[in-house]
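Report on the structure given below.
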Amino acid sequence: MKECRLLLLAISMVWGGCCFFLGTNPVMAAETLETVEQVEMEENTYAVSDTAYLNLDWLAGAGNEDAATILKLIGNRTIAVDSSLPDFKRISNMNQTLRRINYDALNLYCLAHGYTEIMELGCGYSPRGIYMCERGKNYTGCDFASVIRDMRKLTSYLTPQEKAFLHYKMAGVTSGTEMQQASQEIKAPVCMVAEGLWMFLGNEEKKKALSNIKMILDAKGGCFITTDFSFKEYGWNVAEALYPGHGEAIMDETMELYDVVSRDDTGSKIFKSPQEAEKFIKSCNLQVQRVPLIFGNYEMDPNNCLSDEQEHQLLNVLAEHYLWVITSDSKKPQM
């Protein structure tokens, strides 16, 4: 896909050079460049949508009924997943488990800390909106238009009372204007959430996103929570709990799979360590606190698929400080 982009760009450069040399109307060259940009934008849109679909499929595979409902809503889709990878079955099992724990951890944090306003960044096809509105919480999901158009169909599954709590906004996390507009109707304080977003952002995009998060937290109060900054160690730990001795291989192939689906080099965009991530976040005038994934009791094996040892090791993972609670200097979270 990257080779295709370079080829298209090379063609446009040659064409533009020919236009200049021959004295042809430069508008033609401009139109060619616009075509290239349109192709790249469409590729990015499909990549976002396909990655969101993959995460939804994993969550549904873990037994999440709301995720299964959304799968039916948006229909079957063919995405570039190489099921011939040596560890594909283990990759799938690990990521299903990881997505279920992660989804639950973020939801439980919001509820445990009394938040009634939830704003999800890069929401994808997450069923979190259903979960929250069924519990009387206001939910605002933000993403690109291709995803939001699909998710707005979700209201057909809800009661009139639940519909009042569910909102979807076309807003990219790096756009200050879009983020501000998406948050206008949100009451204070807000718990902002992101799941599987940060591996797709370069450092400059991360700075813009964190600046926009700070803007909203300064205005509303509350916090931003994610496990994305612990993804490598978190994923490895889950993989090791399920398949001892294979954690590194499973994580390497998970990242390879994400690269294929997202048409991106995600490994180059992930922070090398939690310390690097924390330093970066603090440089954006935000505060960081890392807390355990889940406090208290948690049903680790609702589908009776785990051995006793696997369940024991996964319960140990819950105690790890993989959940990042990020706040603004000027506003503290509601505790």
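Looking at Phe229, Phe295, Phe280 in this structure, which one is touching a residue at least 24 places away in the same chain (Cβ under 8 Å), among the aromatic types (Phe, Trp, Tyr) and touching a Pro at 6+ places or on another chain (Cβ under 8 Å)?
Phe229
Of all residues in region 160-194, which are over 16 Å from Ile148 (Cα atoms) and in contact (Cβ under 8 Å) with a residue 60 or more places away in the chain?
Ile186, Lys187, Ala188, Pro189, Val190, Cys191, Met192, Val193
If the requirement is being in a loop (DSSP other than H, G, I, E, B), in the same structural domain as Leu306 (by TED's automatic domain parsing) and under 24 Å from Tyr298 (Cα atoms), which of these qualifies: Tyr115, Tyr103?
Checking each option against the conditions leaves just Tyr115.
State which residue is nearest to Leu54 (Cα to Cα) when the search covers only region 260-273 and only residues that are within 18 Å of the chain's Cα centre (by Cα) and at pLDDT 85 or above.
Ile270
Any idea which residue in region 143-189 is farthest from the chain's Cα centre (by Cα), counting only those that are assigned to a loop (DSSP other than H, G, I, E, B) and within 25 Å of Phe231 (Cα to Cα)?
Per the stated criteria, the residue is Ser175.
Please work out if Asn285 is over 18 Å from Ala239 (Cα atoms), surrounded by fewer than 17 Cβ atoms within 10 Å (Cβ to Cβ) and not basic (Lys, Arg).
It is true that Asn285 is over 18 Å from Ala239 (Cα atoms), surrounded by fewer than 17 Cβ atoms within 10 Å (Cβ to Cβ) and not basic (Lys, Arg).
With respect to the numbered conditions (1) surrounded by 20 or more Cβ atoms within 10 Å (Cβ to Cβ); (2) under 17 Å from the mean Cα position of the chain (by Cα); (3) not small (Gly, Ala, Ser), which one is the sole condition not fulfilled by Ile250?
Among (1) surrounded by 20 or more Cβ atoms within 10 Å (Cβ to Cβ); (2) under 17 Å from the mean Cα position of the chain (by Cα); (3) not small (Gly, Ala, Ser), Ile250 violates only (2).
Here's a check for you: in region 190-232, which residue that is among the small types (Gly, Ala, Ser) and outside any helix (DSSP H, G or I) is nearest to Val317 (Cα to Cα)?
Per the criteria, the residue is Gly196.
From the list Cys223, Cys191, which one is surrounded by 24 or more Cβ atoms within 10 Å (Cβ to Cβ), under 24 Å from Leu108 (Cβ atoms), assigned by TED's automatic domain parsing to the domain that holds Phe280 and in contact with a Gly (Cβ under 6 Å, 6 or more places away or on another chain)?
Exactly one of Cys223, Cys191 is surrounded by 24 or more Cβ atoms within 10 Å (Cβ to Cβ), under 24 Å from Leu108 (Cβ atoms), assigned by TED's automatic domain parsing to the domain that holds Phe280 and in contact with a Gly (Cβ under 6 Å, 6 or more places away or on another chain), namely Cys191.
The values are calculated or read from the model by the stated rules, or taken from the named source; none is laboratory data. Nothing here was measured: the structure is a model prediction, and the numbers come from that model. Positions of Cβ are generated from backbone atoms using ideal geometry, with glycine treated the same way; all protein chains shown enter the neighbour counts.
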